[in-house]
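*Asks:* Here it is, the structure, as structure tokens.
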Amino acid sequence: MPDHPRNIRVHLDGPVERSHDIVFGTLDELSERMSEAGLASDRCVVVTDANVGHLYGERLETGLRNAGWECLLVTLPPGERTKSLDRLSEILDAALEFGVERRSPVVALGGGVIGDVAGFAAATILRGVPLVQVPTSLLAQVDSAIGGKTGVNHPVGKNLIGAFYQPSLVLMDVATLSTLSESEWLGGLSEVVKYALIRDEQLLETLLHSWDAILAREPKVTADIVARCASIKVEIVEEDEHESGIRAILNFGHTFGHALERIAGYIGITHGTAVAVGMRAAIDLSQRRESGTDFTRALDLTDRLPKPRLGPEITVDRLVDAMWSDKKRIGDILRFVLLEREGSAVVVDNVSEDEIRKSWEYAIGPLKSGHRSTDL
Ligand SMILES: NC(=O)c1ccc[n+]([C@@H]2O[C@H](COP(=O)([O-])OP(=O)(O)OC[C@H]3O[C@@H](n4cnc5c(N)ncnc54)[C@H](O)[C@@H]3O)[C@@H](O)[C@H]2O)c1
Ligand SMILES: [Zn+2]
């Protein structure tokens, strides 16, 4: 028996059934874990994408069927475009035609895209059926499968339609991470580094010391790191489920990173590399505000993440504009998550444009080339 990390209980306010477990185990344990979580029906809908379905769909389905579940497998195309109202409709149509009832769970097997769209489907089918998250990407295991944010994109912007909807169970099989592409693995590592910087100095040390083992995806180190990051996310969500305060620190590096993704048109540059650049800008800004505080390890760690090569179209002017327009559109002010020291973050809203410009210059200067933007 592989020794899995200990399960994590997510305690939430309100009716007791909103609290749930994050279980570390194998895909084959799903039916057992579902009955432990009190999920009992004879039907379930498994939503996945073609990549993950090909690798793990049959195994999951067979396990469920052997335990007496009648399963409908809905396989969607991989990629961010699947987080759309059209694909949501496809899930709803299939589920209703299949004859789901109030107690029939929706199982989301895949990365953050599947977790978000299938989660939103679960929130809306019959005004809410149980949701089981089975995250298979590093990003999904450390971030998106935890916390209950579900939804789809709209042509006007990302994640503009959705609901807070908590799962009844999260099953993490860290062994599934071995089949993830190198770029998805490294992308997820940006979020891992983020957790260390905002909340856990000891994790920061572990990452620095075990970096080679992490790149090699050594199972024990991987499992420990996923479990640590998942616990941090749980702590933050328990404190502030609906993001009225502390949960905003999870956006560390993202206010900068999203602007970069937008200007690059979401092509050529991945979310992970944009966040890596964004975190370096945010650390630089923190350094300027907290003079005398040492941020050497934070800069060292973020420097190890892959970063994009930026073409001439990426300018500080355009980046600053993108930051403002994004916020104005949703009627929000520009907030920044900064580090007060390594391992501890604060949210501030009094950052001047001059400071923002200097930090952008620091972060993107070394990445500029004469060519089109692309991941290195
Ligand atoms: N709900 C939240 O709180 C939250 C938080 C952060 C991000 N997100 C969302 O998550 C999405 C990104 O998630 P993602 O990075 O997992 O993307 P993704 O779901 O597109 O998965 C990335 C790629 O990896 C493949 N894949 C997944 N698991 C695999 C495995 N085990 N083996 C081989 N291939 C595998 C997928 O098919 C896909 O091609 C974005 O839409 C983002 O908005 C949501
Ligand atoms: Zn992110």
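*Asks:* Write down, largest first, the equivalent ellipsoid semi-axes of the stretch 261-351 in whole Å, where each equals the square root of 5 times an eigenvalue of the alpha-carbon gyration tensor.
*Replies:* They are 23, 19, 11 Å, listed largest first.
*Asks:* Which whole-number value in Å² is the accessible area per residue of the chain, probe 1.4 Å?
*Replies:* Dividing the accessible area of the chain by its residue count gives 43 Å².
*Asks:* So what's the angle, to the nearest 10 degrees on a 0 to 90 scale, between helix 353-364 and the longest Cα principal axis of the chain?
*Replies:* So the inclination is approximately 80 degrees.
*Asks:* Using a Gaussian network for the chain with springs between C-alpha atoms less than 10 Å apart, which of these wobbles most: ALA108, ALA363, ALA40?
*Replies:* Most flexible of the set in this elastic network: ALA40.
*Asks:* Related question: Kindly provide the helix-only [θ] at 222 nm of the chain, computed as the sum of -39,500 (n - 2.57) over DSSP H runs of four or more divided by all residues, to the nearest 500 deg cm²/dmol?
*Replies:* Rounded to the nearest 500, it is -13500 deg cm²/dmol.
*Asks:* Also, I was wondering about something else. Tally Lys and Arg at +1 and Asp and Glu at -1 over the other residues with C-beta under 9 Å from the C-beta of VAL117: what net charge comes out?
*Replies:* So the surrounding residues net to +1.
*Asks:* Also, quick follow-up: If you project the alpha carbons of the stretch 85-166 onto the principal axes, what extent comes out on each, in Å, largest first?
*Replies:* The principal-axis extents, from largest down, are 32, 28, 18 Å.
*Asks:* So which aspartates and glutamates pass the test for LYS194, namely a Cα distance under 12 Å, with those fewer than 8 places away in the same chain ruled out?
*Replies:* In chain and number order, the partners are ASP143, GLU342.
*Asks:* A follow-up question, please. Grab the other residues whose beta carbon is less than 11 angstrom from that of ASN159, score K and R as +1, D and E as -1, and report the net.
*Replies:* Once all neighbours under 11 Å are counted, the net charge is +1.
*Asks:* If you rank HIS154, HIS20 by how much accessible surface each has, with a 1.4 Å probe, what is the order from largest down?
*Replies:* Descending accessible area places them as HIS154, HIS20.
*Asks:* Using a Gaussian network model of the chain whose springs link C-alpha atoms within less than 10 Å, name the residue from GLY111, GLY147, GLY63 with the highest mean-square fluctuation.
*Replies:* Maximum among the listed residues: GLY63.
*Asks:* Across 20 Å bins from the origin, how do the percents of Cα pairs in the chain run, short distances first?
*Replies:* 29, 58, 13, 0
*Asks:* Okay, next question. Pairwise over distinct Cα atoms, reciprocal of the mean inverse distance: report the Kirkwood radius of the stretch 1-120 in Å, one decimal place.
*Replies:* So the Kirkwood estimate lands at 15.3 Å.
*Asks:* Right, here's the next one. Just subtract the alpha-carbon distance of GLU290 and ARG18 from 0.36 nm times their residue separation and send over the number in nm, one decimal.
*Replies:* Net length gain for the segment: 93.9 nm.
*Asks:* When the Kirkwood radius is taken over all Cα pairs of the stretch 1-46, what Stokes-Einstein diffusion coefficient follows at 4 °C and 1.567 mPa s, in µm²/s?
*Replies:* 105 µm²/s
*Asks:* Here's something else I'd like to know. Leaving out ligands, DNA and RNA, and with a 1.4 Å probe, what % of the accessible surface on the stretch 236-290 is carbon or sulfur?
*Replies:* About 46 percent, which is the carbon plus sulfur part of the accessible surface.
*Asks:* Output the 0 to 90 degree angle, nearest 10, between the alpha-carbon long axis of helix 316-329 and the longest principal axis computed from the alpha carbons of the chain.
*Replies:* Tilt relative to the chain: about 50 degrees.
*Asks:* Once you've got the GNM for the chain with C-alpha springs shorter than 10 Å, pick whichever of SER137, SER344, SER359 has the biggest mean-square fluctuation.
*Replies:* For the chain, modelled as a Gaussian network with Cα springs under 10 Å, the answer is SER344.
*Asks:* Now, a different point. Could you state the angle between the C-alpha long axis of helix 254-263 and the longest principal axis of the C-alpha atoms of the chain, as a value from 0 to 90 degrees rounded to the nearest 10?
*Replies:* 90 degrees
*Asks:* Can you give me the convex hull volume of the Cα atoms of the stretch 61-110, divided per residue and expressed in Å³?
*Replies:* Once divided by residue count, the hull of the stretch 61-110 is 86 Å³.
*Asks:* By the gyration tensor of its Cα atoms, with a ≥ b ≥ c the square roots of the eigenvalues, what is the shape of the stretch 131-264: rounded for a/c under 1.5, prolate for a/b over b/c, or oblate?
*Replies:* Verdict is rounded for the stretch 131-264.
*Asks:* Calculate the translational D of the stretch 38-93 in whole µm² s⁻¹ from Stokes-Einstein, where the hydrodynamic radius comes from the Kirkwood formula applied to all Cα pairs, the temperature is 10 °C and the viscosity 1.306 mPa s.
*Replies:* Answer from the Stokes-Einstein relation: 130 µm²/s.
*Asks:* Using a 1.4 Å probe on the protein heavy atoms, what percent of the accessible area of the stretch 48-174 belongs to carbon and sulfur?
*Replies:* About 51 percent, which is the carbon plus sulfur part of the accessible surface.
The values are calculated or read from the model by the stated rules, or taken from the named source; none is laboratory data. Just so you know, these numbers come straight off a predicted model, no measurement behind them. Cβ: placed from backbone, ideal geometry, glycine included. Neighbour counts: every protein chain shown. Surface areas here come from the heavy atoms of the whole protein model, side chains and all, with no ligands, DNA or RNA. Shrake-Rupley method; radii C 1.70, N 1.55, O 1.52, S 1.80 Å.
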